[in-house]
Structure formats: structure tokens, C-alpha cells
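Here's the structure, in C-alpha cells; my notes come after.
The values are calculated or read from the model by the stated rules, or taken from the named source; none is laboratory data. Note that the structure is a prediction, hence the values are computed from the model and not measured. Cβ placement follows ideal geometry from the backbone for every residue including glycine, while neighbour counts extend to all protein chains displayed. Only protein heavy atoms, including side chains, enter the accessible area calculation; ligands, DNA and RNA are left aside. Shrake-Rupley method; radii C 1.70, N 1.55, O 1.52, S 1.80 Å.
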Amino acid sequence: MYFLAQSFKAQLAKELPPDKNNLSGATQDLAFRAKSLMKDLANISLEIAQMTVTSEGGSVLPDWFVVEIIRDLPRLAAKK
């Protein structure tokens, strides 16, 4: 699971732009889907989900995406 989470994080870091204003339709869809997948990951392992959004472990996610995860995850989790 650790390897998959790290691969997921690396892919997001590669594909999401550093600035939210540069989002295309495809990257907006990716960000939305990634937030949903983070909710699922948190249900499986909160520790791995936390590791995925932190700056530890190489790849760094864009700041705007981390802020959105922190803001939206409680709402997404409530939709269970």
C-alpha cells in the first residue's frame, strides 16, 4: 500500500500545476478524482493518507491542492 500511495503522490505532483490558475479541464478532473481517492485511502489507512499529502517522501504536492484536501476531506468523508 505504501508503494501505491507514493506512486499516486508522485503522479499527482507530476501532473498537477503548481498554480491553480493553470488548471485545464483534464487537471481539474484529476484533482477532483484525487480528492475522492484520498477519502477512500483515509478510510483504509489514515496514516498512509496523511503520509501521501505531507512533504515527506520525495514528491511534493502543490500547495493549493493540499489546502483543498484539508478543506474538502471532512465534507467528502461525511458523504460516506
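Of the set (1) of a type in the set (Ser, Thr, Tyr); (2) part of a loop (DSSP other than H, G, I, E, B); (3) within 17 Å of residue 71 (Cβ to Cβ), all apply to residue 55 but (3).
Okay, residues lined up against (1) buried (at least 16 other Cβ atoms within 10 Å of the Cβ); (2) of a type outside the set (A, V, I, L, M):
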{"site": "44", "(1), (2)": "no, no"}
{"site": "55", "(1), (2)": "no, yes"}
{"site": "62", "(1), (2)": "yes, yes"}
{"site": "67", "(1), (2)": "no, no"}
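When residue 73 is tested against the conditions (1) part of a helix (DSSP H, G or I); (2) open to solvent by 50 Å² or more (accessible area, probe 1.4 Å); (3) farther than 20 Å from residue 15 by Cα; (4) modelled with pLDDT under 85, the lone failure is (2).
Looking at the stretch 15-25, is at least one residue under 15 Å from residue 69 (Cβ atoms), part of a helix (DSSP H, G or I) and under 10 Å from the mean Cα position of the chain (by Cα)? No, there is no match, as no residue in the stretch 15-25 is under 15 Å from residue 69 (Cβ atoms), part of a helix (DSSP H, G or I) and under 10 Å from the mean Cα position of the chain (by Cα).
Please enumerate the residues belonging to the stretch 11-35 that are of a type outside the set (Asp, Glu), loosely packed, with under 14 Cβ neighbours inside 10 Å and within 20 Å of residue 75 (Cβ to Cβ). Of everything in the stretch 11-35, those that are of a type outside the set (Asp, Glu), loosely packed, with under 14 Cβ neighbours inside 10 Å and within 20 Å of residue 75 (Cβ to Cβ) turn out to be 28, 32, 33. Any residue at all in the stretch 56-67 that is more than 19 Å from residue 13 (Cα to Cα) and modelled with pLDDT of 85 or more? The answer is no; no qualifying residue exists. Within the option set 59, 7, 36, being free of Cβ contacts under 8 Å to residues at least 12 places away in the same chain and either among the hydroxyl-bearing types (Ser, Thr, Tyr) or on the phi > 0 side of the Ramachandran plot (or both) holds for one residue only, 7.
Every condition in (1) open to solvent by 60 Å² or more (accessible area, probe 1.4 Å); (2) part of a loop (DSSP other than H, G, I, E, B); (3) modelled with pLDDT under 90 holds for residue 50 except the one numbered (2).
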